[in-house]
Amino acid sequence: MMNRSFVLLALSAALSALPALGQMRSFSQAPVGGGTAAPAQEVVLRVKDVKVDTRVQSPMYQNSSERGQSTQKHWLRVIQEYETQNEWIDELEFTYYVLVRDAKGKDRAFRKTVSYVDIKKGRHIADAFIRPNTFERMNASVVHAAVVIKSKGIAGMKVVASSSTLNQANWWEQIASEEGTLLDRDETPFANVAYDNYELIKRPAPQAR
């Protein structure tokens, strides 16, 4: 039988090797095209704390063929800043989670998965949104938010970093969450605002007819 002290020592060493939230992390990314000759890419990135802003005003556009926009409504925006060390990363998958609570104390959780491609070394911002009318109708406040970042490795998608407003591991996996309410940047009027500051969002390839 394995010595109990040895097992506890091994477990302690394994836990201490896990990266803390916000620290530099690395993960091997599979070569583009699924080839095996090229070595796997080590994805190295650092994440900041996820933030939520519920007072982001709609952008104003001037159009001579339409009446001017009289008011600017407020969007909910989930913001994730991160920094990459690789010269280029082929693709990163972000899943955003937002937990809200309405005036009656009922909780609802929303999620949105977005893939970004051709990520150059440096600092980046990624975000997701909830429409003004949608959030206003909820009559709710934000309880917690989280972002989980994955990279495509040899064995499939693996988590390389995460950030959360709640210091509880993987709380988003313990609750049911809805799709369709959170929007990526391209699904909002912010798509063309400061365009070069944001990464290209990968869209599903059109299906052959």
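Values in this text are rule-based calculations from the coordinates and carry no lab data. From a predicted model like this one, the values you see are computed outputs, not experimental measurements. Glycine gets a Cβ as well: all are built from the backbone with ideal geometry, and neighbour counts include every protein chain shown.
A few notes on this one:
- Any chance residue 110 is farther than 17 Å from residue 55 by Cα and out of contact with any Leu (no Cβ under 8 Å at 6 or more places or on another chain): no
- Residue pairs whose Cβ atoms lie under 8 Å apart, sitting 6 or more positions apart in sequence or on different chains, and linking a residue in the stretch 116-140 that is of a type in the set (Phe, Trp, Tyr) to a partner that is buried (at least 16 other Cβ atoms within 10 Å of the Cβ) and assigned to a helix (DSSP H, G or I), are 129/185; 129/190.
- Residues that are of a type in the set (D, E, K, R), in a loop (DSSP other than H, G, I, E, B) and either free of Cβ contacts under 8 Å to residues at least 12 places away in the same chain or farther than 25 Å from residue 121 by Cα (or both) within the stretch 180-202 are absent altogether.
- Here residue 113 fits the description: surrounded by fewer than 19 Cβ atoms within 10 Å (Cβ to Cβ), of a type in the set (Ser, Thr, Tyr), within 18 Å of the chain's Cα centre (by Cα) and not in a loop (DSSP other than H, G, I, E, B).
- Scanning the stretch 92-108 for residues that are surrounded by fewer than 20 Cβ atoms within 10 Å (Cβ to Cβ) and more than 15 Å from residue 162 (Cα to Cα) gives 101, 102, 103, 104, 105, 106, 107, 108.
- Positions within the stretch 150-179 being under 27 Å from residue 132 (Cα atoms), touching a residue at least 24 places away in the same chain (Cβ under 8 Å) and within 17 Å of the chain's Cα centre (by Cα), in sequence order: 162, 163, 164, 165, 171, 172, 177, 178, 179
- A single entry from 145, 176, 169, 208 fulfils the requirement of being crowded, with 18+ Cβ neighbours inside 10 Å, among the small types (Gly, Ala, Ser) and outside any helix (DSSP H, G or I): 145.
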